[in-house]
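The values are calculated or read from the model by the stated rules, or taken from the named source; none is laboratory data. The structure presented is a predicted model; accordingly, all values stated were derived computationally and were not measured. Here the Cβ positions follow ideal geometry from the backbone for every residue, glycine too, while neighbour counts run over all protein chains shown. Just so you know, the surface numbers come from the protein's heavy atoms only, side chains and all, with ligands and any DNA or RNA stripped out. Shrake-Rupley method; radii C 1.70, N 1.55, O 1.52, S 1.80 Å.
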Amino acid sequence: MIERVFESLMVVDPAADESALVERIAELERVKSAAAAGQARAAAALDAARRATEAAAGVPTARRARRVASEIALARRDSPVRGNRHLGLAKALVHEMPHTLAALEAGVLTEWRATLIVRESACLDLDDRRVLDAELCADPADLDGMGDARVAAAAKTIAYRLDPQAVVDRAAKADTERTVTIRPAPDTMTYLTALLPVAQGVAVYAALRRQADVCADGRSSGQVMADTLVERVTGRSAALPTPIAVHLVVSDETLLSGGSTPAQIGGYGPIPAAVARGLVAGAATDARSRATLRRLYAHPASGALVAMESRARLFPRGLAAFIELRDQRCRTPYCDAPIRHRDHARPWASGGATNAGNGLGMCERCNYVKDVAGWHVEPSIDEKHRHTAEFTTPTGAQYRSEAPPLPRTPSRIEISELEVAVGIAISDLHAA
Ligand SMILES: [Zn+2]
């Protein structure tokens with residue numbers, strides 16, 4: 001049945017005239033919105049069903065349906081953070097905002113625009129939220145031609161009029177969410193993002209701008225601003241090596257014989273071989289830096305794998321470092337958050353061993369989720385010698401997580417049946 005639906009969706013007649021093709025694109029866009037509305041109804045129903053089951057089992061109200069968002073994330077192949085957003089959207093639409101839901105069902109709103117409306121109304125009480133829902137979405141014609149920014153602005157305007165104090169309170173709360181994050185950019189660059197209260201953000205930018213205005217040494221103003229940011233935050237010149245530990249994993253061939261297999265920087269991702277060699281050479285020759293070598297043993301056929309048995313409850317430092325290098329990011333499928341915990345896949349309390357095979361790199365949120373009743377994680381080494389973990393959720397749905405391959409090495413150095421890859425930790429690059 002569902003296969004037939006998919007088939008009918010994929011039918012496109014390449015010989016159709018152009019207006020028919022445009023109409024087909026519009027039609028399929030409506031299908032996506034309608035599917036999002038269906039997902040919202042299913043998500044809200046799942047949440048309600050789980051609450052009912054747990055109520056019957058005597059679970060206290062505050063503890064019911066606690067990890068449903070993570071299950072929704074896995075089912076949608078999305079990160080747990082987005083799963084949370086999807087569930088919030090679903091409950092708001094189904095229980096509180098019928099007009100917004102109807103507009104989504106009719107394809108007048110996209111899922112993202114419905115999310116923006118729910119987000120802007122989140123600070124209101126239920127009655128006001130219903131007023132906003134009707135005012136903005138009761139007449140679909142009003143939404144015609146409105147892009148993301150206009151939809152958000154319209155919702156914000158109504159919310160501000162209905163309850164100005166709530167919006168002010170929310171702004172005060174948003175202040176507590178200030179943070180700094182990092183993510184890879186193309187060409188071995190990186191985006192460092194600061195989410196700041198507007199006054200501070202503007203002040204930081206103005207200070208960098210001012211420095212760029214007084215500096216006339218041939219650098220572009222963007223370059224001066226970036227260098228100044230690095231200098232003032234780290235306390236040293238941007239032209240000198242950054243005084244922190246950088247973990248680099250590189251194959252012996254790449255390092256020693258000019259190979260081209262990319263290397264990996266922990267918390268960043270792959271970098272070209274030549275850049276990695278430059279980084280190592282720089283650290284090795286700079287008097288204030290220290291480059292240390294650590295060998296990681298990789299299976300010849302795949303990548304990762306080193307067993308370090310230990311009876312300790314906490315993962316020993318070396319093992320934790322190994323798991324971090326092997327997993328690179330949270331092992332929950334689609335999560336991709338930085339690793340904060342190195343923990344047991346099979347819990348210690350149920351006899352799970354403290355070793356690399358049973359260790360998983362997880363973000364904080366996912367680590368707590370996997371210890372909730374009904375969740376089960378089974379680690380193993382698959383037929384290609386990769387470290388895998390099978391996640392089972394309370395509904396019995398299963399998702400597979402695979403450790404990313406480490407830089408492959410064609411090395412001839414053999415230690416028993418393992419071949420060796422070289423892991424290099426350029427650590428403690430502090431001035432001696
Ligand atoms: Zn995670």
Handout entry: Filter result (under 18 Å from residue 388 (Cβ atoms) and free of Cβ contacts under 8 Å to residues at least 60 places away in the same chain) within the range 348-366
Key = 352, 353, 355, 356, 357, 358, 359, 360, 361, 362
Exercise for the section: Could you tell me which numbered condition residue 94 fails, if it satisfies all but one of (1) modelled with pLDDT of 95 or more; (2) open to solvent by 60 Å² or more (accessible area, probe 1.4 Å); (3) touching a Leu at 6+ places or on another chain (Cβ under 8 Å)? Expected result: (2)
Completion exercise
All conditions in (1) over 17 Å from residue 32 (Cβ atoms); (2) open to solvent by 40 Å² or more (accessible area, probe 1.4 Å); (3) in contact with a Cys (Cβ under 8 Å, 6 or more places away or on another chain) are true of residue 138 except (3)
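Identify all residues within the range 48-76 that are within 14 Å of the ligand (Cβ to nearest atom) and not small (Gly, Ala, Ser); write none if there are none.
67, 71, 74
Select from the range 175-214 the residues that are outside any strand (DSSP E or B), among the hydrophobic types (A, V, I, L, M, F, W, C) and open to solvent by 100 Å² or more (accessible area, probe 1.4 Å) and list them in ascending order.
Matches in the range 175-214: 198, 214.
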Exercise for the section: Select, from 153, 166, the only residue that is in contact (Cβ under 8 Å) with a residue 40 or more places away in the chain and open to solvent by less than 80 Å² (accessible area, probe 1.4 Å). Expected result: 166
Exercise for the section: Could you tell me which of the residues 114, 75, 154 is small (Gly, Ala, Ser), farther than 19 Å from residue 34 by Cα and out of contact with any strand residue (DSSP E or B) (no Cβ under 8 Å at 6 or more places or on another chain)? Expected result: 154
Handout entry: Unique match (being under 18 Å from residue 77 (Cβ atoms) and open to solvent by 60 Å² or more (accessible area, probe 1.4 Å)) among 383, 402, 364, 378
Key = 402
Practice task
For the range 329-340, state whether one or more residues are touching a strand residue (DSSP E or B) at 6+ places or on another chain (Cβ under 8 Å), open to solvent by less than 50 Å² (accessible area, probe 1.4 Å) and outside any loop (DSSP other than H, G, I, E, B).
Solution key: no
Practice task
Please verify whether the range 354-361 includes one or more residues that are within 9 Å of the ligand (Cβ to nearest atom), closer than 22 Å to residue 72 by Cβ and either open to solvent by 10 Å² or more (accessible area, probe 1.4 Å) or of a type in the set (A, V, I, L, M, F, W, C) (or both).
Solution key: no
Fill in the blank from the handout: How many residues of the range 79-101 are over 22 Å from residue 337 (Cα atoms) and within 16 Å of the ligand (Cβ to nearest atom)? The answer is 0
Practice task
Considering (1) modelled with pLDDT of 90 or more; (2) within 26 Å of residue 367 (Cα to Cα), say which one residue 34 fails and leave the rest.
Solution key: (2)
